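Okay, so here's the structure we're looking at.
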Amino acid sequence: RSLRMSRLRSAFLLYPFVLCCCLFYTALGSTDANKKVSVLESTFESAVTDLQWLGHDHRVVFLKTRNGRLYRSTDSGRVWNDATHHLQGSGEDGRELFVEDIMVNSADKNIALVACSGKEHFITSDGGRTFHQIDHSGNIHNWIFHPTQPHFALMSRWTEGCKKADRSGCSHELYVTKNLGRSFSLVANYVVQFGWGDVKHHGSRHHDRVFFTHHRSKRGEQLKHGKWMEDVDFA
């Protein structure tokens with residue numbers, strides 16, 4: 001998968017492509033014997049591989065299927081609508097894209113990134129009513145929303161040179177956006193790790209700082225090492 005999320009997430013499959021939503025509610029002043037359970041059954045074209053809750057009241061839900069389709073519910077999963085047609089590619093064929101990942105912004109739950117398998121990726125800032133395509137045509141290796149600034153994010157990608165047989169010019173680039181992907185600025189290349197500062201450090205805007213490690217040498221192919229390297233600096 002081209003996009004590796006910055007948080008761990010449990011993967012699951014629901015067979016036979018049916019999602020059962022159990023809705024629990026209790027009337028005020030009722031006893032345990034009067035509690036009711038309502039079960040709703042929804043059928044999709046393939047297995048469900050991800051669910052993400054949006055909005056401050058979590059009534060908006062995004063659902064992704066194994067076939068790469070995106071569904072949206074505005075009533076906590078009672079009714080689902082196929083939202084894939086909102087993600088139109090910029091190519092001449094206007095094809096619907098294959099959704100790979102959904103990432104919700106913790107600073108504003110109405111904002112979410114929808115990453116696709118091709119070169120187009122999309123962001124919604126209104127809980128999925130509308131989407132805009134980000135100004136980046138290519139793979140997204142990692143995306144990290146800012147902990148408090150809703151429109152800020154860090155994005156990394158491996159350059160096109162990594163696809164060449166000789167891997168010349170292959171490097172890991174780090175970018176920052178301050179307008180939800182409408183434009184990006186390069187922070188550094190030959191980057192290994194990166195992240196925002198810890199929001200728990202008060203008084204110094206520590207969370208607005210970008211910390212990263214990068215190779216001292218900025219030539220040739222950047223190797224993907226998972227071990228300590230002396231020529232990698234912290235910045």
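The values are calculated or read from the model by the stated rules, or taken from the named source; none is laboratory data. Only a predicted model underlies this, so the values are computations on that prediction, with no experimental measurement involved. When we count neighbours, we look across all protein chains shown, and the Cβ atoms used for this are built from the backbone with ideal geometry, even at glycine. Side chains are part of the model used for accessible areas, which takes the heavy atoms of the whole protein and leaves out ligands, DNA and RNA. Shrake-Rupley method; radii C 1.70, N 1.55, O 1.52, S 1.80 Å.
Structure summary
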{"item": "Accessible area, probe 1.4 Å, largest first, for residues 224, 35", "result": "224, 35"}
{"item": "Alpha carbon convex hull of region 108-165, volume per residue in cubic angstrom", "result": "79"}
{"item": "Given charges at beta-carbon only (K, R positive; D, E negative), |dipole| of region 106-235 in Debye", "result": "40"}
{"item": "Solvent-free Debye scattering, log10 I(q)/I(0), computed from the Cα coordinates of region 43-196 at q = 0.10 Å⁻¹", "result": "-0.37"}
{"item": "Difference of contour (0.36 nm per residue) and Cα-Cα distance, residue 227 to residue 59", "result": "56.1 nm"}
{"item": "Mean shadow area of region 119-235, taken as a quarter of the surface of its Cα convex hull (nm²)", "result": "8.7"}
{"item": "Gained length - residue 119 relative to residue 201, 0.36 nm times residue gap less alpha-carbon distance", "result": "25.8 nm"}
